[in-house]
Structure formats: C-alpha cells, structure tokens
Amino acid sequence: MATDMHPQTTPEVGGMGHSVKRKEDPRFIRGKGEYIEDVNLPGQLWLDIVRSPYAHATIKSIDSSEALKVPGVLAVITGKDLEGYKLHWMPTLAGDMQMVLPTDTVMYQSQEVAAVIATDRYAAADGVAAVLVDYEPLPVVVDPFKALESGAPVLRPDRGEDKQTNHIWHWESGDKAAADAALADAEVRIAEDIYIPRIHVASIETCGCVADWDPVRQHLDLHITSQAPHAVRTVIALVAAGAGLPIYEHNIRLKTHDIGGGFGGKVPVYPGYVLAVAASFLIGKPVKWIEDRSENLQADSFARDYHIHAEMGATRDGKITGLKVKTIADHGYSDAAADPSKFPAGLFNVITGSYDFDNAFVEVDGVYTNKPPGGVAYRCSFRVTEAVHAIERMVDILAHEIGKDPAELRMQNFIQPEQFPYTTPTGWEYDSGNYPKALRTAMELIDYDGLRREQAEKRERGELMGIGISSFTEIVGAGPSHSFDILGLKMFDSCEIRVHPTGKVLARLGVQSQGQGHETTFAQIIAEELGFPVSDIKIEEGDTDTAPYGLGTYASRSTPVAGAATAVAARKIRDKARLLAAHLLEASPDDLEWTNGKFSVKGSPDRFKTIQEIAFAAYTNHPPGMEAGLEAVDYYDPPNLTFPFGSYIAVVDIDKGTGEVKVRRFVAVDDCGNIINPMIVDGQIHGGLTMGLAPALYEEITYDELGNNLAGTFMDYLLPTAVETPAWELEKTVTPSPHHPIGAKGVGESATVGAPPAIANAEPRPASSEGRYAASPRRRSTSRRPAAAPSAATGRAARRPSAGRSSASSPTCWIARSCGTWTAGTASSSWSPATRWTAIRPSCTRR
Ligand code: MCN
Ligand code: CUN
C-alpha cells in the first residue's frame, strides 16, 4: 500500500503505521468474547415486552390477569404503573420526549406496551402472549408530507398548545439571498428530488442489558450495549432524580463488555433499558432484557429517511455557482436523533462537499409520523451520508446536463490543495485535503479512460454498463466542545495512562469500541509516543467506575478526539520521564534527547535510560521533591473536526434480460490522514463499503399505509452477504490533519458515506437518455406491498410474512426503470425491492 507514512518504530514495538494484528481477535475468534447474553447473575429474572400491532391506536385496556397465571411470570408492568413514578416518558438525546410505556396511545407498530417479568425467558415470552390489550385504531400518518397538511391528525398533543402540529423544528444554514441570486443568474440550473430511505442498523448483537439494583448497597450495576456509557450513566442519574428515586451517579456502574457492533444504533437510550432498571429497582433482583432480531428491526432507532429537494446553478462550462437544498426529515413519533444540540439536522450542512463555490443555502424541517422514533446516524457522522449523496448526485446530474465527463467536472470544481484550511459557505473549516490526487489515483487504478471506451463500445452493442464516481468529504471527530454537546454534555474525550513499575501499561479511555479494534490502535499510539511495545499495553474501555469520563464512540470521533487525548497523555508521561532520566543520568533535562523509547545525553548516545528503566525508577528511585509514579490523564477538546475524504469509482454491469446488477469493480481511495494501523483501516473500509452497498441496492425499511413495517425480518430486510459483495480494491493517499497531535483523521464511517452515490452514479447512460434532468415526482407513498392486517389485538406485532430472498436479482430494476428506455422483466410487479430505489438511484425523469 502506498502511503506517505512509514513506521518510525520497529515491528516489535508496533507504533503507528504497523499492521499489528488485533489484540482483541484471539478471544473473538475463539468464541470467548463477552456479550450481554454471557452476563448471567445469580437470581436473575427476564424481561420481555408486549408490543403494539397497530401503528396508531388508543389503548382501551390492558388485562394482565391471564399473563400472571403463566408459571414463572412474576409481574406485568404497564405505563400506568410507571406513571406513578413519573417514568412513563423519558427525554431523548435530541431533547424531545419519548414514551417508556404508553398510558393511553400507541404511536407506531411494535411500540412497547407492557413489560413482563418472569423467572426465565420462555416464561416471559409466554406471559407476553397472554397479556390482553384492547386497542381502538386511530388514523395513521405514514407520509411526512401528509403529516404537514392541515387537518392531519396531530400526533404529539403532549407538546403544548402552541405546538399542535406535526412539524418538529426548522433549521437552516447558509445565505438564502445569495443562493437564490446565484441560481437566478445561473446559465445552467438543475433540480432533483432525492429520497434517502429509512434504513436500520442490524448489528450481530441486538440491544440488551442486565440491570442489577442492590437495595442493600443502594447500588445499580448496569451491563449494557451502549456506545456512550458515561453519558447514559448521567442520563439515568438525572431521570432517577426527576422521579425521586435514590439512584445517584456515584452508585451507578455501567459495564459494556464486548459490544457486537454498534454502528450508531447503540447510542440512544431505549425503553427496554429503562424498563429493566425500573423492574430491578422494584423487585430488587437482576433483570435481563435483550431484543430478538425482529424487535431490533421494528422498534430501534432508524437512520436516514430524508426527502431532499436540491437545486444547483452553474456556468455552461460547468463551474458550480450555487446550491439550494430543502429537506423534510421524517423522525417517526419522536425526535430521538443522537444529534448535537445545536444541529437538529446533524452536520447536513456540510452539503457543499468537496467543491469550491460561494453560495449555498440548506433548510431542513423535522416531522412526526407514526413510525419508530429516532434519526440516528447509521455509520454516518450526523447526517453527512445524506449530504454527500445529495451533492454527489447533483454534480453527476450537472455533468450529464452539460455533457461533460463527471470526473472532469469534479476536477474543475474541487477545492484545491492550497486552499486549505478552507471555509465552506455554510461555515465549516475543512482542515486539509487533496481531492484531485485522490480522484486521479482512483482513475488510474481502475483505468477510467479504458472503461469509458469499453462503455461506449458496449453502448453501441446495446449492452448496459455503468461507471459511477463519488468524491466525498467526511466530517468527523465531534467536538469542539464550544459547538458540540449532547444534552448539554460537552463533546471532549479522555485517556488516562498508568505505567506500572515493571514497564507494563494500562490505559483507559472515555470512548467505547464496538468492534473497531481500539485495544490495538490506542496501544499503538502509546507505543509510538513512549516506545513501550504494543504487547505491554492494555487498553480498557466501557467501565464507568474506572474509565475517565468521555462521550463515547460514534461519528468516527474516537481517533480524532480520544486518540488525540491518548497522544497528549503519553506526551505528559514523556515529559515526566525526561525529568526522571535527567535524575538517573545526572544530566540536565535540556541535554537529553528522545529516540526510540529512550532518553540519551545529546552527543553521548551510549549514555541513555530506556523507558522501562525510567518507569521502574518512577517508583523506586525518583528524585526528592518529585511525586512518585508515572501516570497522566488528558481530557482533549479538539480545536476542529477532521475532514477525511476519498474518491470511489464503481463499475456495474446490468443484465438486460434479468435486470441483475453486478458491481464488477469498486475502487476506493481513502485519505484519513496519518494511519495508525493500515490493516484495521482497510477492515473499516471493507465493512463500510459493504454497508454503503447495502442501502444503494438492498436495505430499506418501508411501511404500508397502515404503518405496518414491511421489512421487519431478515427475509425482507436485505442485508448484503458475501455473495452480493464485490472484491473491494483499496488505495490510500495521506494528507495529515494539521491540528491533530498525530495527524490522524477518523475513518470508521467514510466508506459508508462515500459508497452509495458511486453506485447510484453508475447508472448506465444509453445514448437516448441524454438530455434534460428535472425534478422527478416526489415519492409520496411509502407503500410498496399490500397491507398486512395486524395480528389479533393482543401480544406482539405480527411478524411479517416472508417476501423471500428471491429478490436477490430484483434490486437491479431501479437502474433499468430509471433510464426510462427499456424495461426489465422483473420490474413489472407492484412491489419489488427494486422499486424502492427511487431513493438513492438516479432520477427517472430523463427522456
Ligand atoms: N484508525 C486508524 N488510523 C486512522 C483512523 C482510524 O488506524 N487514521 C483506526 C482507529 O484507531 C480505530 C478504527 O480505525 O481502531 C476506527 O477509528 P475511528 O475512525 O476513529 O472511528 P471510531 O473508533 O470512533 O469508531 C466509530 C465508527 C462508527 S461511528 C461506526 S458507526 C462504526 C465504525 O466505526 N461502527 C462499527 N466501524 C465499526 N466497525 C465495527 N467492527 N463495528 C462497529 O459497530
Ligand atoms: Cu454515525 S453511526 Mo456511528 O456514529 O456510531
């Protein structure tokens, strides 16, 4: 792999730039990882949840009597029970309110209605089936545009008299007058409606917890799948205080264990967690709750669901002059997004992407519908995926409109390397970048010119082949704390390092790995800074009793923030080590120099002390007046975010007979600044690309007009497997972040953010399709299949009937249909996964 960064340490030390094997993997591949299902405490009870089959209904009554007769069932908790403790509603991370359990109205299909506590999981499930709930169905609002119409049922009457509407908030950014003027004056003006569908994180481990309230010690142990354990601990303490419960923050200990994937879905606080804590508090025994797969797909926080209308102006020659974007954000019945307080639409206003132009205006309106609450980022730094998709589609549409090659158009409009730091018209300061180099590298690697020739020849023969480009800019690493907080908690992060006398190291961080390899990469940062071999460094996260306070892992912030804290803490240790070495060598600290894990006297390289010798001296031979020990902690508040970027090129072949789309090649050139572990970064990109392929061709949660979730199982929610996944071809460029202590930028989400538009832009362009782009009819109906009747008004929501995985070849149809030039055989049925892809797929309005 070509990087400009060569390791400075030996492979034995394993500092930055070494592909050190992941320290966590031996336990994972031997099945010795520890997940919530592995936590079983003496006397533990089980909690299972009664869920609504209706998307909107009044609860007339809940009859628990039959359930309580089920052997093993101990209690049934309802919203009315919680109301007594003021625990039936809870705050969301976005500052809205969400029900823990409803007292009178259910707001989406699969919403929690009651909790059953039993001695084992099977008894709990039997109890759930025996709870009788009498519902009175209410009109359902599925479409966010209809939700805004006057006369639409007001879904959240609880919000106060001045807010009797389904409109949640309006947010805007940029200069509207300037953008309007630029568009009015533009020689070329294009418009497009883009729907980024609702998708859902489907981690291997679903969400769950074991809550263990000890009434004697007045102590809560909470084993939980959380990406942000400290923040959740604080939220629990605040909610408990509001309810008058004696659960204080110093008596709450969260432990995460190994988390089987997070991807943004384990940032929110779900009712199940609160119910388990409440049940344990009431009963005084440990209570376990863990979702099954369908509950996970039907009730946890979703991502995306953005209806975007974008307009772009440019000169006839292709210089972009302005951009205007209006978006409707469907948040379900509650805004439970994990967005920083100042950014209700996340970082969506990074929408000017990799391009240099002056005039942009973005506005977003949040809307309530009868769907699960949320708006988490699914491997996406607070809505950057939506932004990148919009700008990358618009640039391609512009290229097509003016008849310019999309690569050439990008090169023409890129922010140039010498323009960094670059301030965008919506106010972000990009730290560093070299966009032309990344695109050139990708074009060379894939033989872009050769492919365009091949495409032209194939077009002559009537064959369909597409080449799609995406040159994205990511925005990761929240803080800085002056702008970024969640529920008022500022977004800094932390690392504490302790060097033991024998030269072994324990470091603890405020972030939380869910599979990203932190035990390895943060050890590598310490190895780089201090010279201890990676094998001598233990990294711990996720125990709130021991780790320093931090805001957790999401938005690829661990390396940009906690990674910086790690480097700074290590440097504090090195500063003290210098004083210790000076004492041991009887030299002045200023006369010492640091190389390869030792301090030596300048000019006398054989007079030195290794870091291990210094560590021993810190406890055995430190000078008078100096504190013993070798420890440091750093709470790092980044001066800016980091802006990783990349250029992706996809080549797709479409079988005209079957409509099957094959991603033949996919080249991904990424730049995340200095790289800590090239192998781990490649792994992150492999996973991220697959998660980018997923929404482009396979994954989507849809609802029928009754609010039935049509993709609530893996039979309908098409997670790509190895079969659908092409062999990714990776390359890197290295443009260090100028403000990060080790020059690194985050990378965990880049590929998911950058990949979908590359695949969408790979739409083949038959000669006949050249011409006008205009706004396509907005997709107003989310119904794709006949409504499934809700199951009997008791117990769980209906499990969706299987649509079969026969759709493996159907997703291709969107490309066929979008061209409007020919029809694939599979595109005729009224519903197919294919037709979902009005979203990420290109507009079908060209004629
Ligand atoms: N890294 C590196 N060099 C860099 C940047 C990163 O070696 N220049 C390494 C890091 O040190 C870390 C990994 O790559 O081991 C990812 O780092 P970073 O980009 O800082 O992202 P985070 O650790 O904060 O992880 C969060 C990110 C997000 S937000 C999602 S969503 C996602 C992702 O990571 N969820 C994941 N990747 C995931 N990977 C797994 N296996 N499981 C998840 O749930
Ligand atoms: Cu963006 S999904 Mo990740 O931030 O946990």
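The values are calculated or read from the model by the stated rules, or taken from the named source; none is laboratory data. Note that this is a predicted model, so its numbers are computed, not measured. Counting neighbours? That spans all protein chains shown, and the Cβs are built from the backbone with ideal geometry, glycine included.
Within the option set G403, G318, G322, being within 16 Å of A186 (Cβ to Cβ), small (G, A, S) and surrounded by fewer than 24 Cβ atoms within 10 Å (Cβ to Cβ) holds for one residue only, G318. Applying a threshold of 8 Å to beta carbon distances and a minimum spacing of six or more residues, or different chains, the list of pairs starting in segment 740-751 at a residue that is within 15 Å of ligand 2 (Cβ to nearest atom) and ending at one that is at pLDDT below 95 and among the aliphatic types (A, V, I, L, M) reads E749/A377. Does K23 meet the test of being surrounded by fewer than 22 Cβ atoms within 10 Å (Cβ to Cβ) and in contact with a helix residue (DSSP H, G or I) (Cβ under 8 Å, 6 or more places away or on another chain)? Here the answer is yes, as K23 does meet what is asked.
Once segment 544-572 is narrowed to residues that are aliphatic (A, V, I, L, M) and touching a Lys or Arg at 6+ places or on another chain (Cβ under 9 Å), the residue that is farthest from ligand 1 (Cβ to nearest atom) is A547. The set of residues in segment 84-98 being crowded, with 23+ Cβ neighbours inside 10 Å and closer than 23 Å to A67 by Cβ consists of L87 alone. Which of the residues belonging to segment 508-538 are outside any helix (DSSP H, G or I), free of Cβ contacts under 8 Å to residues at least 60 places away in the same chain and closer than 30 Å to A581 by Cβ? Residues satisfying the conditions are R508, L509, I537, K538.
Restricting attention to segment 262-274 and to residues that are farther than 14 Å from A240 by Cβ and in a helix (DSSP H, G or I), the residue that is farthest from ligand 1 (Cβ to nearest atom) turns out to be P271. One residue stands out among those in segment 370-390 that are within 16 Å of H307 (Cβ to Cβ) and at pLDDT 95 or above: the one that is nearest to ligand 1 (Cβ to nearest atom), which is T385. For T423, the criteria (1) touching a residue at least 40 places away in the same chain (Cβ under 8 Å); (2) hydroxyl-bearing (S, T, Y); (3) surrounded by fewer than 20 Cβ atoms within 10 Å (Cβ to Cβ) hold in every case but one, which is (1).
Within segment 240-269, being more than 15 Å from ligand 2 (Cβ to nearest atom) and either out of contact with any Lys or Arg (no Cβ under 9 Å at 6 or more places or on another chain) or assigned by TED's automatic domain parsing to the domain that holds G550 (or both) holds for A240, A241, L245, P246, I247, Y248, H250, K255, H257. Summed over segment 572-612, the residues that are in a loop (DSSP other than H, G, I, E, B), within 41 Å of the chain's Cα centre (by Cα) and surrounded by fewer than 18 Cβ atoms within 10 Å (Cβ to Cβ) give a count of 1. Across segment 320-367, the number of residues qualifying as polar (S, T, N, Q), in contact with a Gly (Cβ under 9 Å, 6 or more places away or on another chain) and within 16 Å of I196 (Cβ to Cβ) comes to 1. The residues of segment 30-84 that are of a type in the set (D, E) and over 29 Å from K266 (Cβ atoms), listed by number, are D63, E66.
Going by what's in this entry, would R410 be described as assigned by TED's automatic domain parsing to the domain that holds F348 and out of contact with any helix residue (DSSP H, G or I) (no Cβ under 8 Å at 6 or more places or on another chain)? Considered against the rule, which asks whether it is assigned by TED's automatic domain parsing to the domain that holds F348 and out of contact with any helix residue (DSSP H, G or I) (no Cβ under 8 Å at 6 or more places or on another chain), R410 comes out as no. Of the strands (runs of 3 or more DSSP E) contained entirely in segment 276-390, those carrying at least 2 residues that are basic (K, R) and outside the structural domain of Q44 (by TED's automatic domain parsing) fall at 320-330. Scan segment 672-690 and give yes if some residue there is of a type in the set (D, E, K, R) and part of a strand (DSSP E or B), otherwise no. No, there is no match, as no residue in segment 672-690 is of a type in the set (D, E, K, R) and part of a strand (DSSP E or B). Filtering segment 558-574 to residues that are charged (D, E, K, R) and touching a helix residue (DSSP H, G or I) at 6+ places or on another chain (Cβ under 9 Å) leaves R571, R574.
The number of residues in segment 460-506 that are of a type in the set (S, T, N, Q) and either part of a loop (DSSP other than H, G, I, E, B) or over 26 Å from V395 (Cα atoms) (or both) comes to 4. Out of all the residues in segment 681-697, is one or more surrounded by fewer than 24 Cβ atoms within 10 Å (Cβ to Cβ) and touching a helix residue (DSSP H, G or I) at 6+ places or on another chain (Cβ under 7 Å)? No - not one qualifying residue is present in segment 681-697.
Per-residue answers, yes or no, for (1) free of Cβ contacts under 8 Å to residues at least 12 places away in the same chain; (2) in a loop (DSSP other than H, G, I, E, B):
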| site | (1), (2) |
| --- | --- |
| I614 | no, no |
| Y619 | no, no |
| G625 | yes, yes |
| P638 | no, yes |
| D653 | no, no |
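Step by step: first the residues of segment 527-559, then only those that are within 16 Å of ligand 2 (Cβ to nearest atom) and hydroxyl-bearing (S, T, Y), then the one that is surrounded by the most Cβ atoms within 10 Å (Cβ to Cβ). Which residue is that? Per the stated criteria, the residue is T559.
The set of residues in segment 358-389 that are touching a helix residue (DSSP H, G or I) at 6+ places or on another chain (Cβ under 7 Å) and within 16 Å of ligand 2 (Cβ to nearest atom) comprises R379, C380, R383, V384, T385, E386, A387, V388, H389. When E463, E529 are checked against the criterion of being of a type in the set (D, E) and within 16 Å of ligand 1 (Cβ to nearest atom), a single residue qualifies: E529. For D485, state whether it is assigned by TED's automatic domain parsing to the domain that holds R664, at negative phi and surrounded by fewer than 24 Cβ atoms within 10 Å (Cβ to Cβ). For D485, the condition - assigned by TED's automatic domain parsing to the domain that holds R664, at negative phi and surrounded by fewer than 24 Cβ atoms within 10 Å (Cβ to Cβ) - is not met. One residue alone among A628, A615 is in contact with a helix residue (DSSP H, G or I) (Cβ under 7 Å, 6 or more places away or on another chain), at pLDDT 95 or above and away from ligand 2 (no atom under 16 Å from the Cβ), and that residue is A628. Among the residues of segment 713-754, those identified as surrounded by 24 or more Cβ atoms within 10 Å (Cβ to Cβ) and closer than 20 Å to G261 by Cα are Y717, G746, V747, G748, E749, S750, A751, T752, V753. With the condition kept exactly as written, say whether any residue in segment 729-751 is under 24 Å from A202 (Cα atoms), assigned to a loop (DSSP other than H, G, I, E, B) and among the hydroxyl-bearing types (S, T, Y). No: zero hits.
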